[in-house]
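Some notes on the structure that comes next.
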């Protein structure tokens, strides 16, 4: 653990089975490179209230959480790491952490989807502005490859806002069990989580809308056609049964159907 440390380099460590593999708390301007953190019961690597650090070329595997950037950690670079088989997420930028760059990482095989933020490869949380997610491979994860959370759930109410300035570019996100890349808006008052993906559903065009609503009448063309057919059939039966003097002699309107009796009937 680095607590209040600045300007240090941590390299070549292998840490296995700890609570947190490598933990930076209130530490700025450090370099973590070429380390291995595995089977941690919390984060493999975590930054808390730590800024301007570089996390590069590390291997993080089989941890409960992968790499977490939290508690107002700003302007950090997480690049070229391999994060695999994390239980809940691969790399996460949490509420109120701004200006971080997540680039060139391989994030694969998260395993658990018990909650709305579980199982994603890379997560950008509410209120974390100016995050850049560039050139990563987020594949084979249990939920979304890359997931941007749009509102709610942060401990500081001021962070419960849409993140701004997020750039997601040049990533690959294949064979994930949910979406490749997604955005989620959470309606906290109702306790529900409607999702808006990066490729929203295409709205129905005029032809589709008319077919589904039947125009201004609000019913489908199929239903109108069936109703007209039943009414026409009842009218013909009534006409055959009625005495001739009761049949209408009013002129037919233009375009009206003219019924003819079959020969010999």
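Overview of values
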item: Yes/no for residue 69 being in contact (Cβ under 8 Å) with a residue 24 or more places away in the chain and either buried (at least 20 other Cβ atoms within 10 Å of the Cβ) or more than 20 Å from residue 131 (Cα to Cα) (or both); result: yes
item: Which numbered condition residue 131 misses (of (1) in contact (Cβ under 8 Å) with a residue 12 or more places away in the chain; (2) over 19 Å from residue 54 (Cα atoms)); result: (2)
item: Which numbered condition residue 115 fails, given (1) assigned to a loop (DSSP other than H, G, I, E, B); (2) within 25 Å of the chain's Cα centre (by Cα); (3) crowded, with 23+ Cβ neighbours inside 10 Å; result: (3)
item: Residue among 128, 73, 51 that alone is in a loop (DSSP other than H, G, I, E, B), within 28 Å of residue 157 (Cβ to Cβ), in contact with a strand residue (DSSP E or B) (Cβ under 7 Å, 6 or more places away or on another chain) and at pLDDT below 95; result: 128
item: Count - residues of segment 157-176 that are outside any loop (DSSP other than H, G, I, E, B) and more than 15 Å from the chain's Cα centre (by Cα); result: 6
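Each row is one residue, and each column tells you yes or no for (1) in contact (Cβ under 8 Å) with a residue 60 or more places away in the chain; (2) over 13 Å from residue 176 (Cβ atoms); (3) in contact with a helix residue (DSSP H, G or I) (Cβ under 6 Å, 6 or more places away or on another chain).
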position: 104; (1), (2), (3): no, yes, no
position: 113; (1), (2), (3): yes, no, no
position: 116; (1), (2), (3): yes, yes, no
position: 120; (1), (2), (3): no, no, no
position: 150; (1), (2), (3): no, yes, no
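A quick yes/no check of all residues on (1) under 23 Å from residue 115 (Cβ atoms); (2) free of Cβ contacts under 8 Å to residues at least 12 places away in the same chain; (3) more than 24 Å from the chain's Cα centre (by Cα):
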position	(1), (2), (3)
26	no, no, yes
38	no, no, yes
47	yes, no, yes
54	no, no, yes
76	no, no, yes
86	yes, no, no
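The values are calculated or read from the model by the stated rules, or taken from the named source; none is laboratory data. Only a predicted model underlies this, so the values are computations on that prediction, with no experimental measurement involved. Virtual Cβ from ideal backbone geometry, glycine too; neighbours counted across all protein chains shown.
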